[in-house]
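A quick write-up on the structure given underneath.
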Amino acid sequence: MNSRREIIAFWEARFEAAGVDSPRLSAQVLLTHVLNLSRLNMLLESRSLVPEGSFAAFESLALRRLEGEPVAYLIGRKEFYGLDFEVNPGVLIPRPETELMVDHLLGTFARDAAFRVLDLGTGSGALAVTCAAMFPHCRVTAADISEQALATARRNARKHGVADRVAFVRADLVQGIDVGGTDIILANLPYVPEDSREAMSSEVLRHEPWLALFAGRDGLDVYRRLASGLRGRVREGSMLLCEIDHSQGAAMLELFAPMARDVSVKKDLAGLDRLVVVVF
Ligand SMILES: C[S@@+](CC[C@H](N)C(=O)[O-])C[C@H]1O[C@@H](n2cnc3c(N)ncnc32)[C@H](O)[C@@H]1O
């Protein structure tokens, strides 16, 4: 039997040599997962020996990690805004930059505000469920074109005790959805430009659903379809938040300005354009 620290050091080196992203963290998270401990407890007793059964489970995950499978899919979960979400290869792994959308909501509305939210392209339900958890009086419609995403989002809503305030709808963007009855539309829809495929991490390209990522040559095909789907249907005073690629701020201002009272672009922590706020 080997100790936790020996196993981590060995696999960190193997991951690093194979060019795997975050080699040390990957080894730590996988070992923490099979030992069913908190990361802190796993690290505090790093000299403890790892039982053979746990080691075998770790090794089979580590070998998959060596092939580039994302850690979140291997352990079946990912944290978003402090909440634990089930994820699987049918849904995008929620990204830290998407937390900016929740920050914006928390900075705009009181926690006891009652409003109706539509989360378009809900994926794992990260935004829909977090919003329902943060604002106990809001009602959410979570929509996606993917059945697998909706099933995952439904489980996440149950897990966080908000399923009674989240409705799930399979839809192509806003087709058949009561947009006029919505106060806030959250849209983290596909926006990756096809052109940037070459520069993307092979881990993302090989394992995450392309339906969640790409949207035409400049990445704006889906947002353009959304803009035409919303025209003439939104309630005055309602708001749309769209996550974007840093290259798309000016084009999004141009796209939504003709149908909005106000459009602005917010930057993320890295100082890059990330969030478009449209007020109708
Ligand atoms: C970038 S992922 C975002 C997932 C989730 N909102 C998040 O922030 O982690 C985009 C999601 O949009 C969905 N999607 C793609 N095209 C769509 C369409 N035409 N109508 C509805 N949903 C769509 C995908 O299935 C995917 O779940």
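Computed from the coordinates by the stated procedures, all read-outs in this text should not be read as laboratory data. All values derive from a computational prediction rather than experimental measurement. Methodologically, a virtual Cβ is constructed for each residue, glycine included, from the backbone with ideal geometry; neighbour enumeration extends over all protein chains shown.
Computed quantities for the displayed model
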| read-out | value |
| --- | --- |
| The stretch 264-280 versus the stretch 1-19: alpha-carbon centroid distance in Å | 40 |
| For residue 12, net neighbour charge (Lys/Arg +1, Asp/Glu -1) across residues whose Cβ lies under 13 Å away | +2 |
| Sorted peptide list for 181-190, 98-107, criterion being average Cβ within 10 angstrom, highest first | 181-190, 98-107 |
| Fraction of beta bridges assigned by DSSP in the chain that are antiparallel (%, nearest 5) | 45 |
| Calculated diffusion of the chain, Stokes-Einstein form, Kirkwood radius summed over Cα pairs, 25 °C and 0.890 mPa s, µm²/s | 122 |
| Over the stretch 90-279, relative contact order from alpha-carbon pairs under 8 Å, at least 6 apart, % | 20 |
| The stretch 15-76: GluC sites (Glu not before Pro) in DSSP coil with no more than 16 other Cβ atoms inside 10 Å | 45, 67 |
| Shape box of the stretch 4-75 [Cα atoms, principal axes, largest first, Å] | 28, 21, 19 |
| Counting all C-alpha pairs of the stretch 131-263, share separated by more than 25 Å (%) | 33 |
| Separation of alpha-carbon centers, the stretch 87-107 and the stretch 166-242, rounded to whole Å | 14 |
| Cα→Cβ-extended label distance, 7 Å offset, between residue 38 and residue 199, nm | 4.0 |
| Whole-number Å³ per residue for the convex hull built on Cα positions in the stretch 241-280 | 51 |
| Exposure proxy ranking, count of Cβ atoms within 10 Å, fewest first, for 141, 122, 108 | 108, 141, 122 |
